[in-house]
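Engineer: Starting off with a structure, shown below.
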Amino acid sequence: MSNALWLYLVAGFLIVHGLGHVGGPWLFVKSWLSPELTHGAWKWLFTALWLVAMLGFIAAGIGVLQHQAWWRTAAIAASVVSLVVSALYIRGAPFNAAAADVVILVALLVAHWPSAELVGS
């Protein structure tokens, strides 16, 4: 595959994952940790964090397209925030988000993929 195709695939994955976060807050109906996390101020806090992660993924995807060096940091930070919130509400779509977060973290931190030569940053 050409480098341009990888660039668009990586950016697209990050942006689509971020857009997928739009549906997350409505699925925060049950927490294994505490029923208190499903309503009131706690739910709003974790909803805000979920939306911050959404913006982080979208920004990271745009950063890839613009060959910005900071996109990796944004993707890692968004993945960590998303994974923490997903872990509190592990069921349904948050579980799918957690799987994508793990893929992103393993790719960037363990496999050091994609290389700067592959995506241009």
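Engineer: Quick test for you: out of 55, 37, pick the one residue that is modelled with pLDDT under 95 and surrounded by fewer than 20 Cβ atoms within 10 Å (Cβ to Cβ).
Structural biologist: Exactly one residue qualifies, and that residue is 37.
The rows are residues; the columns are (1) among the hydroxyl-bearing types (Ser, Thr, Tyr); (2) under 21 Å from residue 25 (Cα atoms); (3) touching a Gly at 6+ places or on another chain (Cβ under 9 Å); (4) not in a helix (DSSP H, G or I).
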| residue | (1), (2), (3), (4) |
| --- | --- |
| 55 | no, yes, yes, no |
| 63 | no, no, no, no |
| 72 | no, no, yes, no |
| 77 | no, yes, yes, no |
| 97 | no, yes, yes, no |
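Engineer: Here is a further query. If residue 5 satisfies all but one of (1) touching an Asp or Glu at 6+ places or on another chain (Cβ under 7 Å); (2) modelled with pLDDT of 90 or more; (3) not aromatic (Phe, Trp, Tyr), what's the number of the condition it fails?
Structural biologist: (1)
Engineer: If we keep just the residues of the stretch 72-102 that are among the polar types (S, T, N, Q) and out of contact with any Asp or Glu (no Cβ under 7 Å at 6 or more places or on another chain), which is modelled with the lowest pLDDT?
Structural biologist: Of everything passing the filter in the stretch 72-102, 96 is modelled with the lowest pLDDT.
Engineer: Do we have any residue at all in the stretch 26-37 that's under 18 Å from residue 114 (Cβ atoms) and among the hydrophobic types (A, V, I, L, M, F, W, C)?
Structural biologist: no
Engineer: Limited to the stretch 1-27, what total is found for residues that are farther than 19 Å from residue 52 by Cα and either assigned to a helix (DSSP H, G or I) or within 17 Å of the chain's Cα centre (by Cα) (or both)?
Structural biologist: Total satisfying the criteria: 8.
Engineer: Give the residue that is surrounded by the fewest Cβ atoms within 10 Å (Cβ to Cβ), with candidates limited to residues of the stretch 1-34 that are hydroxyl-bearing (Ser, Thr, Tyr) and more than 30 Å from residue 66 (Cα to Cα).
Structural biologist: The qualifying residue surrounded by the fewest Cβ atoms within 10 Å (Cβ to Cβ) is 34.
Engineer: What are the residue pairs meeting all of these: first residue in the stretch 13-38, first residue more than 24 Å from residue 61 (Cβ to Cβ), second residue of a type in the set (Gly, Ala, Ser) and part of a loop (DSSP other than H, G, I, E, B), Cβ atoms under 8 Å, and 6 or more apart or on different chains?
Structural biologist: 37/31; 38/31
Engineer: Tell me the residue from 43, 30 that is charged (D, E, K, R) and in a helix (DSSP H, G or I), please.
Structural biologist: Step by step, each of 43, 30 is checked, and only 43 is charged (D, E, K, R) and in a helix (DSSP H, G or I).
Engineer: Of all residues in the stretch 58-83 being among the hydroxyl-bearing types (Ser, Thr, Tyr) and crowded, with 17+ Cβ neighbours inside 10 Å, which is nearest to residue 4 (Cα to Cα)?
Structural biologist: Checking each candidate, the answer is 79.
The values are calculated or read from the model by the stated rules, or taken from the named source; none is laboratory data. No experiment lies behind these values; they were computed from the predicted model shown. We place every Cβ from the backbone using ideal geometry, glycine too, and count neighbours over all the protein chains shown.
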